[in-house]
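Data first, discussion second: the structure below is written as structure tokens.
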Amino acid sequence: MDKRVSETVADFILNGDHVSTTPVAGERLSETLRERLGARDVKIGCNAGDCGACTVLVDGDPVCACLMPAQQAAGRAVETLGGLAREDEITQRLSESFQNFGAAQCGICTPGMMTAAVALLRDTDAPDEEQVQDALGGVLCRCTGYRKIIDAVVAVGQAEVPMQAEGHAGEGIRRLDGLGKVQGTEAFGDDVAPAGTLEVVVIRSPFPRAGFTFGDLDAFAEVTGVEAVLTAADVPGRNLFGVIPAFMDQPVFAEEEARFRGEAVAAIVATPEFARDFDPNTFPVEWDERPAAQDVHAAMAPEAAQLHEGRDGNVMCGGFVQCGDAKAAIAEADLTVEGSFRSGFVEHGYIEPEAGFAEVVNGRVEIHACTQAPVMDLDSMEIILGMPRDQIRIIPTGVGGGFGSKLDISVQPYLALGALKTGKPVRICYSRTESMQSTTKRHPSEITLKIGATKDGKIKGFDFFGYFNTGAYASWGPTVANRVPVHASGPYQITDYRAESKGIHTNCPSSGAFRGFGVPQSAIAQESLFDELADKLGIDRLDFRINNSLENNVPTVCGQVFEQGVGIKPCFEALRTAWNDERTDAEAFNASNDTLKRGVGVAGGWYGCGNTSLPNPSTIKSGVRADGTVVLHQGAMDIGQGANTVISQIFATALGIPVAQLEIIGADTDVTPDAGKTSASRQTYVSGSASRLSGEAMRAQILARVNASEDATLTIGNGQIKITDQGSEHVIDLSTLSPDAEGYVLRAEETYDPPTKPLDENGQGIPYAQFGYAAHLVVVEVDTKLGTVKPLKFVAAHDVGKAINPMLVEGQVQGGIAQGLGMALMEEYLPGRTENLHDYLIPTIGDIPPIETHIIEEPDAHGPYGAKGLGEHVLIPTAPAILNAIKDASGVRLTQVPATPSRVRAAIKDNNNGN
Ligand code: FES
Ligand code: FES
């Protein structure tokens, strides 16, 4: 069939204006709106009706614009968030409410969420929670855990508007970058290219392992609409990238053999018209499918093909920590428990697929793309392009969620190579399937663990081993291998400890960084067996944990001793009331229900912030212009977690001015110093510390100029700085100071690097300068006949040292719990089977119950104002708490996640002799 169908005319009303456009037959309304009419506030997460990001109103009703042919809009009224935000009173109130509650984190789902909410609010003045869940049920959010979205929509009906605060550390102010998110103006990776830009389409292996040979690429490159073909031969530098220099092993384009399904072998650069109709199966490549090893045991078998030279048995690397003598202690223990635990691949599932735009400007290549690590991207592109570093510029776009996967490069090399080869601007946006096939995942794990205890309930011996399926390429696998043995103890006192991990290559997508770097997997094993041990000892499960909790001045399993800031006990204590009350309630419920059973689970966790025993610096620059503008160069990527706001709050506190006064310049490798990657819960701590130093240095310069005391207050603006000190006032006339090359009359650039020490061969040393601590409680209801598990309530306690912005802390906690819930109950990526958001399930608004958050502040010795990182901690205890609650409710111990209904039901049947 000839797909080059003719154009038709579609006239409709868009946001109050008459528009006439000429979509091709069958063109999606979303494409027409975005590409022909410039409504880039309509977002695309799946193009399949699964995510709801593209929700618009057609004649007042919410529809997925990706499912509606543009012609069907003819003669109708279409409203998108961009138009609603300008004109619609309900939307304006809703946008205030979204900002007040922190209901938009990355913001990629926000246009769809708000548009669906506007339709509800037009019908229903004051909707309740259930009505909001029903109305927004078709829109997915991966960041927020939905609770703040529900709160924001319910509150707009009740006209509740929390007061805006001053903005220093400790105040739960609105995001400084929130307005663009609620008005649909924030530009994400696919929003920056001009319409009509050439497109890059990547050709990928359909097999987990395959040789391949190309046909006549020159002839293909001559096809009308094709501007260029790219293969490994077109990579001018090294056809290689990787996030850890010693483990760089991934080609931009595979050569000779593809090692996983979805691996890139070539790409074309083509006109949008050609790209729309292009079938990758018509690309001239012959495949030779070969036997593939897709689990760790197959990959370690003697007959398995070796994926990488020098990694015998497909063992990428391992990690090891040992103190005391675990085996001897277990042999002497009064009681022991042991178990084996498994988890599968987990997909990050951010709603924004990888996307970007590149162009050559004055001979330099400029890459605009979603990323968590702009300077690491620059490092990679320097190697791949073989160009001087100063000829490459990385300008991050808005990031519609990352959670670890956007630490690795994805679209960047294809964009740069395409722009350089054609000399023209190019763009790319991965399809949902392409994103899921080709980007990193959470490592599947197989863990065995044995723990001993004394009769009085003290842990005596802990012996852990874990295999981690690291996929075809290393990515962050070595980090996972090293982090897991350091963290597998959990935040507990264990004197006789042994933990070993091994990362194994398989013919699967690379496993990489995903919130927790392997620790959520090890926590499942450890926290599950802690319940088993407590039960065997006859000790209350919460008491058992408290009795064994780590404390100040007690060594960790790495021999590290913290004099302050070990906050796990207060976290557990914060759950005490709920623990007692919820178990009493569950017992009463169970007494009168045969099929439905309720249970309560608890679990703890910890996480070391920043790189493991490696340099990890961040640099923050600030400047004051002659007119009195205070500028903060804030390069810590905000991927929704709130770095733009938190780093600014810290700076404003240190300098002593209101945060609203700051002009913020975001990440851009030409103008912003390296604040490191947004990863490993490091930005609040590490970049926050650099920000504090920069603010303090700026303040010290100002005070020194007039010899004022530390307690002086500053007022900056209108070309001057007023310093009020003990009743006297000094004025610095900024016009009298000489501006530097950037126009700053005062500047302060400061770097902070956490004090760590290398680990020895037994993993002893100082892996992290700080840990954060967490404890979760969950109530679940298990249908023992169906095997379904419904979480009814979470209580989460987090020691964050100092909550720089309590509202954002809560948002992180709720979002992390939602991801932990997904991992526990529904998420499993199966290459070739769950490669879209229809088959791969992530939690929806109806899956997340109320979450009560307790913020614990045990100040850290190093963090800014005592603050600790938080991003990873928030999901580490969630899955084990849920598994413990399932056991409490049903009597069965699930040892594999996700605990799907079929697995839960099978376990119950086994336990009940087949019933
Ligand atoms: S983009 Fe339309 S539903 Fe996902
Ligand atoms: S805020 Fe909803 S997906 Fe990021």
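Some notes on this structure:
- Taking every alpha-carbon pair under 8 Å whose residues sit at least 6 apart, segment 84-177 reaches a relative contact order of 37 percent.
- Ellipsoid semi-axes for segment 84-177, based on the Cα gyration tensor and the rule √(5λ), read 21, 15, 13 Å when sorted largest first.
- In segment 618-752, inverting the average of 1/r over every pair of distinct C-alpha atoms gives 14.9 Å as the Kirkwood radius.
- Averaged over residues, the count of other Cβ atoms within 10 Å places the peptides 783-795, 12-24 in the sequence 783-795, 12-24, highest first.
- Ranked packing of 591-603, 369-381, most packed first, by mean Cβ within 10 Å: 369-381, 591-603
- Fraction of antiparallel bridges per DSSP, segment 583-721 only, in percent to nearest 5: 60 percent
- Alpha-carbon centroids, segment 860-904 and segment 786-803: separation in whole Å: 8 Å
- The distance from the alpha carbon centre of segment 22-48 to that of segment 671-686 is 35 Å, rounded to a whole number.
- Segment 18-169: radius of gyration and largest Cα-Cα distance (Dmax), Å: 15.6, 55
- Hydrodynamic analysis of segment 497-597 uses the Kirkwood radius over alpha carbon pairs. Inserted into Stokes-Einstein at 10 °C and 1.306 mPa s, it gives a translational diffusion coefficient of 92 µm²/s.
- Relative contact order [Cα under 8 Å, 6+ residues apart], segment 448-600, whole percent: 21 percent
- Label point at Leu240 placed 7 Å out along Cα→Cβ; residues across segment 365-383 whose backbone nitrogen lies under 16 Å: 379-383
- Take the Cα of Asp17, step 7 Å toward its Cβ, do the same at Thr271, and the gap between the two points is 2.7 nm.
- Counting only aspartates and glutamates at least 8 places from Lys802 when in the same chain, those with an alpha carbon closer than 16 Å to its own are Glu171, Glu810, Glu857, Glu858, Asp860.
- Entries in Lys43/Lys424; Lys455/Lys597; Lys441/Lys502; Lys441/Lys785; Lys181/Lys406; Lys181/Lys677 that, when Cα-Cα distance is taken, lie over 28 Å: Lys455/Lys597; Lys441/Lys785
- Inverse mean reciprocal Cα-Cα distance (Kirkwood Rh) of the chain, Å: 28.5 Å
- Extended-chain gain in nm, criterion 0.36 nm per residue less alpha-carbon gap, Thr788 and Asn707: 22.3 nm
- For Gly418, the shell of other residues with beta-carbons less than 12 Å away shows a net charge of -1, using +1 for Lys and Arg and -1 for Asp and Glu.
- Hydrophobic, long helices, defined as DSSP H runs whose alpha-carbon span along the helix axis is 27 Å or greater and whose mean Kyte-Doolittle value is at least 0.5, occur in the chain at 806-825.
- For the chain, share of DSSP beta bridges that run antiparallel, in % to the nearest 5: 80 percent
- Protection proxy ranking for 904-911, 29-36, using the average of other Cβ atoms within 10 Å per residue and placing the highest first: 29-36, 904-911.
- A straight line joining the Cα centroids of segment 724-771 and segment 588-659 runs 19 Å.
- Sites Asn362 and Ala187, calculated FRET efficiency, Cβ-Cβ separation with R0 30 Å, nearest 0.05: 0.85
- The chain, relative contact order [Cα under 8 Å, separation at least 6], %: 13 percent
All of the numbers you see were taken from the coordinates with simple rules; none came from a lab. This one's a predicted model, so the numbers in the text were calculated from it and none came from an experiment. Note that each Cβ is placed from the backbone with ideal geometry, even for glycine, and that neighbours are counted across all protein chains shown.
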